[in-house]
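What follows is a single structure, written as structure tokens, with notes after it.
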Amino acid sequence: MRRHWVLVTGLLVLLYLFLPIFVVAALSFNEPSSRLSYDFHRFTLDNWANPCGPGDMCDAVGRSIEIALLATLIATVLGTLMAFALARHRFRGRDATNLLIFMPMATPEVVMGSSLLALFVAGGVSLGFWTVVVAHVMFCVSFVVVTVKARLAGLDPRLEEAAMDLYAGEWQTFYRITLPLVAPGIVAAALLSFSLSFDDFIITNFNSGTTVTFPMYVWGAAQRGIPPQVNVIGTAMFLIAVLIVVAGEIINRRRAA
Amino acid sequence: MSGDLRLTNVTKSFGPFTAVDDLTLTVPQGAFFALLGASGCGKTTTLRMVAGLEEPSAGQVTLGGTDITRLRPYQRPVNTVFQSYALFPHLSITENVAFGLRRKGVKNVAPQVEQMLSLVQLDDFGGRRPHQLSGGQQQRVALARALINHPQVLLLDEPLGALDLKLRRQMQIELKRIQTEVGITFVHVTHDQEEAMTMADTVAVMNDGRIEQLGAPAEIYEFPATPFVANFLGQSNLLAGTGGLARSGDDLSITAHGSRFTVPAARSRATGDKIYLGVRPEKLHLVTSEADVPSGFQHLTGTVTDSSYVGVSTQYLVRTAWDTELSVFAPNSGLGGSLPPGAEVTVAWNPAHAFLLDRLDGAGDATHALVEERA
């Protein structure tokens, strides 16, 4: 009896988590009766056949992907290097850095967005694509450092010593032992960065100038009725994320076997 | 000899802490050498300096006459079996074992890997991952991974520490067999005195970053050089002597607690006036009266306070007239019954089994407690 309750409760929690996603997926097949109505009117494949229907939306999606890829690349490289430095070397200011790295995660986005805006304006930087990239790198770096550092902390230093003992030089030890063992952490950090950057609205809104990202487009569209294609993009992103997770799981199982 | 490993005046400090203190040591080529000591005595640090994983603060490490003190670990013909094995978790057993050969640019590694895996009796395990193996199997992979490179010296850092007792005994025999077979110098670090004695030809007992004594296991056990060794390698009853030594012919005599005891002069390492008279617990015999003391034996009397049955023998604690407890191992050979607590006994020993050691100021009798004299 108790086991049933655990099962039922678990399913209810999952339902709670996934219901909004099911609604988005369902609405992606909807042909709305009017621009401001959100009820399921009629099934259609038009939205999927023509996802870029509403003008500007695909531009915004493309821009968001571009920004997210750039921010992910820069944040992952910087954050990984920082994580190695923090985990491996003792230097003056290490403890302070360890503490400060949590600040962007702990600071409310509104505060961070507005203070960045103040900084850019004071520095005479014109707002646009690159200020958004800079802002995204800033908050992504913290997550990368924390994720990669956790992975490094779990890495037995004797493995690197063993590699060196077995005639691998510093560089060989790094790319044959250290990097493969830390890679899952780096990949996880990159995926996290990408999704954080892709859906950021608050900080982006402060610092984007005339640049429109996908979340900003959706926000703007919500005022005058969201086009159903937004749900197509949402569903597609969700499916891609699921695919990545499943692929990761398969790779993990292959490695373990 | 040509391939000897030699450490000359090697010191290693970590900040204010000196882990290894002016250590000089020669390991002959082909020897099975054990570095024995409690944790924190500097034995692992010594090993790591030979491996190149730590750089000495001072001194020199040479291998076959070549100075290797400042060489990086991958530049030395030395391989290590780590305490935790340190197998590469993302590589198969075959790739783990082949790692060293591949780094050295050997093209066809398969035959050698196969041969090595069969030496450690893991023929069909090449395709597996380290985590799919038991502790004992991982240990053997670590050994194969190091041995395949034919190092001049193989370093073993407490390699059996994580195994259960039965497996450990089995691996001890195995390691000894492999060492005899391949003829490589083994330097084995351990805190297990029994392991050191069963496996090594030469044992160096370390304490506080120095070597207290170096020699064949039986030699060290029968005639320890310091109170530390006397009580780290097995147990010893150490009686504090009063006054100096008196010499008569080939014998020395010493007064302890009002009685005179003699010891052959060859069994003395004492240099000063502060002296310990030492006897191993199994060299002490319990008899019921002074009349039963074998001729030529020394003796003293006491009361049994405790006995513990340990299978092959019974350990008695005998309280002497001056309130010190002596430890006595009586073999359970079926001759002679057991003695109840409270029994009055006479403890006798052959003077040739006793030894004399220098004692530090203020030290009293010591029985089977580690002498932390330098701490």
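The values are calculated or read from the model by the stated rules, or taken from the named source; none is laboratory data. Not measured: the values here are computed from a predicted model. All Cβ positions, even for glycine, are placed from backbone atoms using ideal geometry, and neighbour counts span all protein chains on display.
Some observations on this one:
- Selected residue (criterion: farthest from the other protein chains (Cβ to nearest Cβ)) from residues of the range A:162-176 that are assigned to a helix (DSSP H, G or I), surrounded by 24 or more Cβ atoms within 10 Å (Cβ to Cβ) and out of contact with any Pro (no Cβ under 6 Å at 6 or more places or on another chain): A:ALA163
- Being surrounded by 15 or more Cβ atoms within 10 Å (Cβ to Cβ), out of contact with any Leu (no Cβ under 6 Å at 6 or more places or on another chain) and not assigned by TED's automatic domain parsing to the domain that holds B:ARG140 is a property that does not hold for B:HIS191.
- The range B:27-140 holds helices (runs of 4 or more DSSP H) entirely within its bounds, and those carrying 2 or more residues that are buried (at least 18 other Cβ atoms within 10 Å of the Cβ), of a type in the set (Gly, Ala, Ser) and out of contact with any His (no Cβ under 7 Å at 6 or more places or on another chain) map to B:93-103.
- Residues of the range B:194-238 classified as surrounded by 20 or more Cβ atoms within 10 Å (Cβ to Cβ), farther than 20 Å from B:ASP157 by Cα and touching a His at 6+ places or on another chain (Cβ under 9 Å), total: 3
- Residues within the range A:82-115 that are aromatic (Phe, Trp, Tyr), under 23 Å from A:ILE203 (Cβ atoms) and in a helix (DSSP H, G or I), tallied: 0
- Number of residues in the range A:187-198 that are surrounded by fewer than 23 Cβ atoms within 10 Å (Cβ to Cβ) and either under 21 Å from A:SER115 (Cβ atoms) or at pLDDT below 90 (or both): the value is 1.
- Filter result for A:SER126 (farther than 28 Å from B:SER84 by Cα, outside any helix (DSSP H, G or I) and away from chain B (no Cβ under 14 Å)): yes
- Entirely in the range B:181-274, the strands (runs of 3 or more DSSP E) that have 2 or more residues that are β-branched (Val, Ile, Thr): B:185-190, B:202-207, B:251-256, B:259-264
- Single residue of A:LEU99, A:LEU181 found to be touching a residue at least 24 places away in the same chain (Cβ under 8 Å) and surrounded by fewer than 21 Cβ atoms within 10 Å (Cβ to Cβ): A:LEU181
- Here B:LEU160 clears all of (1) part of a helix (DSSP H, G or I); (2) more than 14 Å from chain A (Cβ to nearest Cβ); (3) crowded, with 20+ Cβ neighbours inside 10 Å; (4) of a type outside the set (Lys, Arg) except the condition numbered (1).
- Cβ pairs under 9 Å, 6+ apart, first in the range B:75-100 and within 14 Å of B:LEU122 (Cα to Cα) and in contact (Cβ under 8 Å) with a residue 40 or more places away in the chain, second surrounded by fewer than 18 Cβ atoms within 10 Å (Cβ to Cβ) and of a type in the set (Lys, Arg): B:ILE93/B:ARG128
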